[in-house]
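K.L.:
Submitted below is the structure of interest, expressed as structure tokens.
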Ligand SMILES: [Zn+2]
């Protein structure tokens, strides 16, 4: 017999016509990417480099790149897990309108969600960008040049090259924020997965979705302060719950309105 909370989750998904998935670090831990806020995470070992320092000092830029290449192994090895795959499948079938993510690992794209359907609030660490002209750079050549010269990479235009992530002290990406708001406003189900929902703007999106009449589901191992406004909260491991969605989908599709 299916557990009532899981059944409710399946029903919410089945009756929704436009789902926004909002994902945080918890969805990627099964892919071997440590949650950087958890014990043993990167933030335990390093004080983050502020964007102002990055811009002001060659030393800070070198340190940022040194850390990047040191911690990059887990990101390079990581493969999407079942939760990423189920989301990709639902998005492909037009159930999911988009994925808004706090993650920088690129695993939603790797699982098959089209690039224009992934809204990355904190950027992406799998490539780099010139901060002045926005030219995109692959990491491999940058690493090789960095190892050879020991200098921080600079674009042909003279701008500094930085991983395409949003650092502390760096402005939130305006276009992404605007798109995320539009998507949140027009969805009828907002599912937050693997986010503790303590970092802005995550919190804002949940309240915004609810305010505009969407149902709200939260799937996270630990309680969050938004549980009280959610239509459903599941304090469980993410993988099995999302897998159940894939297994139950055939039945759900039959039950859907035409
Ligand atoms: Zn440039």
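The values are calculated or read from the model by the stated rules, or taken from the named source; none is laboratory data. Remember, predicted model here, so these are calculated numbers, not experimental data. In this analysis, Cβ positions are derived from the backbone assuming ideal geometry, glycine residues included, and neighbour counts consider all displayed protein chains.
K.L.:
Among the numbered conditions (1) within 16 Å of the ligand (Cβ to nearest atom); (2) crowded, with 17+ Cβ neighbours inside 10 Å; (3) not in a loop (DSSP other than H, G, I, E, B), tell me where residue 108 comes up short.
P.N.:
Failing condition for residue 108: (1).
K.L.:
Say whether the condition of being assigned to a loop (DSSP other than H, G, I, E, B) and in contact (Cβ under 8 Å) with a residue 12 or more places away in the chain is met by at least one residue in the stretch 171-180.
P.N.:
Yes, there is a match, as at least one residue in the stretch 171-180 is assigned to a loop (DSSP other than H, G, I, E, B) and in contact (Cβ under 8 Å) with a residue 12 or more places away in the chain.
K.L.:
Related question: Sort through 217, 207 and tell me the only one that's assigned to a helix (DSSP H, G or I), assigned by TED's automatic domain parsing to the domain that holds residue 19 and either over 18 Å from the mean Cα position of the chain (by Cα) or touching a residue at least 12 places away in the same chain (Cβ under 8 Å) (or both).
P.N.:
207
K.L.:
When you check residue 136 against the structure, is it within 16 Å of the ligand (Cβ to nearest atom) and closer than 30 Å to residue 94 by Cβ, yes or no?
P.N.:
For residue 136, the condition - within 16 Å of the ligand (Cβ to nearest atom) and closer than 30 Å to residue 94 by Cβ - is met.
K.L.:
Do the conditions hold for residue 95, that is, is it under 21 Å from residue 181 (Cβ atoms) and either within 16 Å of the ligand (Cβ to nearest atom) or at pLDDT below 95 (or both)?
P.N.:
Against the criterion (under 21 Å from residue 181 (Cβ atoms) and either within 16 Å of the ligand (Cβ to nearest atom) or at pLDDT below 95 (or both)), residue 95 qualifies.
K.L.:
Kindly indicate which of 233, 163 is part of a strand (DSSP E or B) and closer than 30 Å to residue 67 by Cβ.
P.N.:
163
K.L.:
Something else about it: Looking only at residues in the stretch 139-150 that are under 24 Å from residue 52 (Cβ atoms) and more than 15 Å from the ligand (Cβ to nearest atom), which one is nearest to the chain's Cα centre (by Cα)?
P.N.:
Here the residue is 139.
K.L.:
Does the stretch 161-174 include one or more residues that are within 16 Å of the ligand (Cβ to nearest atom) and at positive phi?
P.N.:
For the stretch 161-174, residues within 16 Å of the ligand (Cβ to nearest atom) and at positive phi: absent.
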